[in-house]
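Report on the structure given below.
Rule-based calculations on the coordinates, nothing more; no lab input. Everything numeric here is computed off the predicted structure, so don't read it as measured data. Positions of Cβ are backbone-derived with ideal geometry, glycine not excepted, and every protein chain shown enters the neighbour counts.
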Amino acid sequence: MRSPDDDLHSNPASAPIDAWIRLAVKRGVSVGSLASGQGGDSTVALAAAALAVDASRPHTEAEVNAALEAWLAGPGAMLATDHVELRRWLVDTGLLGRDGFGREYRRLPPPPPFDQALDALAAAGPRELAVRARADHARQREAKRAAHALRSGLAVAPDDARWMEDALVLARAAAARGEVPVGAIVVRDGVVLGRGATRRGPRATRPRTRRSRRCATRRARPATTGCPARRCT
């Protein structure tokens, strides 16, 4: 049977880094579920948490709590736990030592397999890795959302936004003439074929409004001969 930490031993240099980047973009993960899973994720998460405690000196319980709270609010935000449970995990795994009264804590030399994960993360910087991984993940999600919205007709393409602004200029001009503020533009393959805005009919006693879209379409008609209307915007 394959051990949960076999992946860390297969490539000690990169496996902890890859596992940490994968973990950094998750949310609501319990330490217990990581410990029962495969891939050594619990080893990597606890090694990263241990690095939040300065190994150069002893700490009071309050200092350890503050360090772990700050870590959970930053690099360790993927974990659904509090500083008390996390501190117990670190003590139980031998990454953190305490005296018999619980008044003094020290970060201990990491036992295997935590030693490889801790060394790799310490060299790479778990905080910086988490920030970059989350930023990349956010950009990828936003790009997917934008692509989906564009396919679904829920978003405006950059070119469409430009033509919309031109139509708004026509609408403002119509409003300045005392007309209903509506403008329209017909575009095909990035070329404007027709423009139109609301105008009153020729009879002063019977004001009629020619729709801006109809006006723009009429002006675009010579250029659209033989071209399917669906290719126009």
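Spin-label model, VAL131/LYS144: points 7 Å from Cα along the beta carbon direction are separated by 2.5 nm.
Taking 7 Å steps out from each Cα toward its Cβ at VAL180 and ASP99 produces label points 8.4 nm apart.
Express in nm, to one decimal, how much length is gained between SER152 and ALA173 on full extension, taking 0.36 nm for each residue of separation and deducting their alpha carbon distance. Walk me through the numbers on the way to the answer.
Working: separation 21, 0.36 × 21 = 7.56 nm, distance 3.21 nm.
So the extension gain works out to 4.4 nm.
List HIS59, HIS137 from most exposed to least, where exposure is judged by having the fewest other Cβ atoms within 10 Å.
Lowest to highest Cβ neighbour count: HIS137, HIS59.
Close amide H pairs (under 5 Å, H built 1.01 Å from N) link GLY183 with ALA171, residues at least 5 positions away or on another chain. With K and R counted +1 and D and E -1, the other residues having a Cβ less than 10 Å from that of PRO58 yield a net charge of +1.
A cut-off under 12 angstrom between Cβ atoms defines the neighbours of LEU23, and their net charge, with Lys, Arg +1 and Asp, Glu -1, is +2. Overall shape of region 6-150 was characterised from the C-alpha gyration tensor. The equivalent ellipsoid obtained from it has semi-axes of 29, 17, 13 Å, in decreasing order.
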